[in-house]
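Okay, so here's the structure we're looking at.
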Amino acid sequence: MRIVGGKWAGRELQGPKEARVRPTAEHVRAGALDAVAADVKDASILDLFAGTGALGLEAMSRGAARCDFVEFRPSSLHALKANIAALRMRDRTRVFKRDAVQFAAALTTPEVYGVVFVDPPYESRQLDRVIASWREHRFARVLVAEHAATHVLPPGERRLAFGDTAVTIYRLV
């Protein structure tokens, strides 16, 4: 797994040695980041269900100002912190060892973040709960949700399809 665009393109990322972890495929990450490129530049990013941090770190590689990562699995946290350290981004990142759904539900101030990436386990209802929190509190200008292509979500501004994976982009209007 590696960063695919921006100033760190080609840099390898460490991944956890856990079968349950499903890092975002490089072509999906590239497509999602290309679709919100203008929103990412100089933005504050939130990476929910961060795993290795690939989405948030990719956004920083492409010009985001800072990123908060939310993850609670120990093996993923270890990989995430190692990736942040390897890219020397400790001063522009924060890592929260928390449940991502609860973290999102606690964000009640509008537009705390420019872009939020959310990539929970496929087919779980956790994504639906994060989207509901975003719709209620509008804590980001843009919400980028990665999910199984079969997962039915409320319509967004744009939906990108990548085989069994889809990305739905929600934007404040």
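If you scan segment 126-158, which residues turn out to be in contact with a strand residue (DSSP E or B) (Cβ under 7 Å, 6 or more places away or on another chain), over 17 Å from Ala25 (Cβ atoms) and either β-branched (Val, Ile, Thr) or not in a loop (DSSP other than H, G, I, E, B) (or both)?
Leu127, Val130, Ile131, Trp134, Ala140, Arg141, Val142, Leu143, Arg158
For the structure I just gave you, tell me whether Val152 is in contact (Cβ under 8 Å) with a residue 40 or more places away in the chain and of a type in the set (A, V, I, L, M, F, W, C).
Spelling it out, it is not the case that Val152 is in contact (Cβ under 8 Å) with a residue 40 or more places away in the chain and of a type in the set (A, V, I, L, M, F, W, C).
From the list Lys17, Lys81, which one is open to solvent by 50 Å² or more (accessible area, probe 1.4 Å) and in contact with a strand residue (DSSP E or B) (Cβ under 7 Å, 6 or more places away or on another chain)?
After applying the criteria, what remains is Lys81.
Residue check: is Ile169 under 14 Å from the mean Cα position of the chain (by Cα) and not small (Gly, Ala, Ser)?
Yes: the conditions hold for Ile169.
The values are calculated or read from the model by the stated rules, or taken from the named source; none is laboratory data. Note that the coordinates shown come from a computational prediction; the quantities given were computed from them, not determined experimentally. Counting neighbours? That spans all protein chains shown, and the Cβs are built from the backbone with ideal geometry, glycine included. Note: areas computed on protein heavy atoms with side chains; ligands, DNA, RNA excluded. Shrake-Rupley method; radii C 1.70, N 1.55, O 1.52, S 1.80 Å.
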